[in-house]
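One structure is given here, and the rest of the page talks about it.
The values are calculated or read from the model by the stated rules, or taken from the named source; none is laboratory data. Given the structure is predicted, the values throughout are model-derived calculations rather than measurements. Quick reminder, even Gly has a Cβ in these numbers, built from the backbone with ideal geometry, and neighbours come from all protein chains shown. Just so you know, the surface numbers come from the protein's heavy atoms only, side chains and all, with ligands and any DNA or RNA stripped out. Shrake-Rupley method; radii C 1.70, N 1.55, O 1.52, S 1.80 Å.
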Amino acid sequence: MTLTAILLLAAFAACGDDDEDGSPDGEPQAGGGERIDGGELTVQSFEFSTLDPHVSSAYQDLSLHRMLWRGLYTLDKDNIPQPAMAAAKPEVSEDGLTFTITLREDLKWSDGDDLTADDFVAGIHRTCNPDNAGEYEYVLANLAGCDAHYTNEAFDAALEEEIGVRAIDTATIEFSLIEPQPTFPIILSLYMTFPSPVHLLPNSSDPWPSGPDAPGELAYNGPYILTGYQPGDSVTLGSNPEWAAPAGVSPTLDQITIKFIDDLAQATNAYRTDEILSTGVDATQLETIVAEFGDEYFKWISPTTIALGLQMEKPPLDQLEVRLALSQAIDREALNRVVFQGGNEPTTSWIPEVTGGHAPAEFGDIIGFDPAKAKENLETAGFPDGAGFPELTILAIDLPESEDTAEFLQQAFKTHLNIDVQIETVDAPTQFDRYVAEQFDLIDAGWLQDYPDPENWVLGQFEGTGSANHYNCADPDIDALVQDARFNADDAERRGQYKEINELISTSLCGVIPHRHSNNHWLIKPNVVGMRENLSGQDFTIAGDWAAEYWGLSE
C-alpha cells in the first residue's frame, strides 16, 4: 500500500523522507538526543495474527517479526541490501543462477544455541511447505523446487529436498534459482527468509508457537526477545543478549511494551496521560490532533495504496462494467476531504508513481468519478438504475477510518447507482483471516510495500495462480507480462513492463478499486529517541519499526 501526497513526491522515495517530518537522510540515527541506558518504552500497535514470519503477510505481524528476527541481509535507509547475518554480499555465479553466502562468525540464537546455515535452510523450507501455506511463498517462486513443493497437495520430504537451498557447511548457504533475478538480494532481507531454529523445530511442518507460552518456546536472532504475551492486551520485549548488532547498534531499553489498542481515540487518551509514549493517530481527527499536540505530531509518507477490494468470483463483480460503475461512483477528492480532512492523496493508480507506477490522476478519465458513466455501465451490465442488483457487503475493520470509508462508499453507491451495500465491521485479525479465506464480497483493504520495487505490488497478488491472489483476479495479459518482467535483466525494460501491468490492474479494476495513497500519522513524546528519526517507507505499524534497535529514551 502507498500513501503519497502528490506535492511531496519529489521529497520522497520509498527510500527517502518527507521533509515535513524532520527525518534526516542517510543511515539510521540513534535519535535527536542522547539515548540513555535503560528505561521502559510503551507504545501502541495492533495484535498480531501469528508470530510465524514464514506464514503471515499481515502488517502488524511483520512489524513485530522484524524486532525479533532478522535475515541474511537488511535494507538500509536507502533500501540497499546490507549484510545482517551474512558476512558480506553474495557471491553470484556467472549465469546469475547460484548465490553463495557466508554467515558471520559466532552467530547465536537468543538461547545460546549456534545459529547456522541449517537454520536459514529451515526457514526457506517452512515458507515453501504446503502444510504452512505461507502467504509470501510466491516471493520465492524463482527458487528451484519451492513452487513444486508449495503447490503439492501435502508435505513431501522428497520435494523438500529438491528445493534450491542447501547448507554447504555450518557457515555457508547456496541458493539455486530458476532464472536470474535482479531483486534476489532484496528478497533475502525479507521475513519469509528469516531463519528457523532447528534445535527447537526440527521439521518444517512443526507448528511455530504463537500463543501465550510462545515467549518461552521460541528463540530469536533479532535485537529483541519476546518476554511476555497477554492475548488481547500486550506483548513485552527485552534486549537479546546474543544480538549480532550488524550495524554496531544494540538496544538500550530495559523493556518495550506494545499495547494492543485498535481504537485510536482510546490510544490518544492513553497518550495524553503518558500511559503510552507513541501511538498512531485517527486520520479522521487530524485537525484536532495537530492543534492539540503540535510538534509531537508527525506525518510521513508510507508506500501504501488503499482500495476497495473485490471478490471477482462473486457475480456480478466478475463483470467489468459493474466494477467500472462502482469505481466511477466514488468521488475520491470528497472521500479524502470528508473522511480524512485532506490528510491523504486520492488516486486511480494501484502502484504509486514513486515506486514505478503512475501519477495518482493518470486513469481518472477511465475509472475516476463520473456518475453519468457509472449509471451507463451499470445499465450495460443489466441493472438499469440499480434494478435487480444483488445486495453486497463491505467487510471493514472496527476502526473509525475504515468504518467511515465504508459508510462513505455505501452512501456513494446508493446516491449514484441506487444500489444497497451493507457494512460488516470486525477486528483486524478477523478481517485478515476472512480476506485470506476469501470470505468477502467487498473489503476495505490495500497494500503496504514490502520492498521497494514494482514487482512487490504484483507478484502473487494479481497472477492467476498467485498464492496471495485472494481477489481472484485472472487476466492472461497480466500473467504474460509478469512472466516476461520477473526475470528480465534489462531493468529499464522490466520496469516498463510492470508499468504496463499497473495500467491493466488499475483500468480493469482487477480485484481492486484504488482510491487513496495514505499518509501515516503518529504522536511521539519528545523524550522518545529513534522513532521519528527513522521514519521511512519501510515502517509498518510503528514509527521506525524497521530499525527498532535504535529506539530509546533521552533524559
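Results, tabulated for the structure shown:
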item: Relative contact order, percent, the chain [alpha-carbon distance under 8 Å, six or more residues apart]; result: 24
item: Accessible area (Å², per residue) of the chain, counting only protein heavy atoms and a probe of 1.4 Å; result: 36
item: For the range 398-411, 3J(HN,Hα) per residue [Karplus equation, 6.51 cos²θ - 1.76 cosθ + 1.60, θ = phi - 60°, Hz, x = Gly/Pro]; result: 7, 10, x, 5, 6, 5, 5, 4, 4, 5, 4, 5, 4, 5
item: Eligible aspartates and glutamates near K259 by straight Cα distance, threshold 16 Å, same-chain separation 8 or greater; result: E40, E47, D61, D233, D274, E275, D427, D545
item: Label-point gap, in nm, between V426 and E391 - each point 7 angstrom along Cα→Cβ; result: 1.9
item: Proximal lysines to K373, defined as alpha-carbon separation beneath 22 angstrom and excluding residues fewer than eight positions away on the same chain; result: K414
item: Within the chain, helix-based [θ] at 222 nm, where runs of 4 or more DSSP H residues each add -39,500 (n - 2.57), nearest 500; result: -7500 deg cm²/dmol
item: Percent of C-alpha pairs per 10 Å bin, the range 168-288, short to long; result: 10, 27, 31, 22, 9, 2
item: Test item: Cα-centred dipole of the chain, Lys/Arg +1 and Asp/Glu -1 on Cβ, debye; result: 580
item: Paramagnetic reach from K89 in the range 466-503 [backbone N under 17 Å; point 7 Å along Cα→Cβ]; result: 491
item: Cut-off 12 Å between beta-carbons: net charge of the residues surrounding D206, Lys and Arg +1, Asp and Glu -1; result: -2
item: 3J(HN,Hα) from dihedral phi, the range 300-307, Karplus parametrisation 6.51/-1.76/1.60, rounded to Hz, x for glycine, proline; result: 8, 8, 10, x, 9, 10, 9, 9
item: Pairwise FRET efficiency - D274 versus A480, Cβ, R0 = 45 Å, nearest 0.05; result: 0.20
item: Set K77/K299; K77/K108; K108/K525; K89/K499 screened for pairs whose C-alpha atoms are more than 24 Å apart; result: K77/K108; K108/K525; K89/K499
item: Exposure rank, largest accessible area first [T430, T305, T252; 1.4 Å]; result: T430, T252, T305
item: Shape of the chain, Cα gyration tensor, a/c cut at 1.5; result: oblate
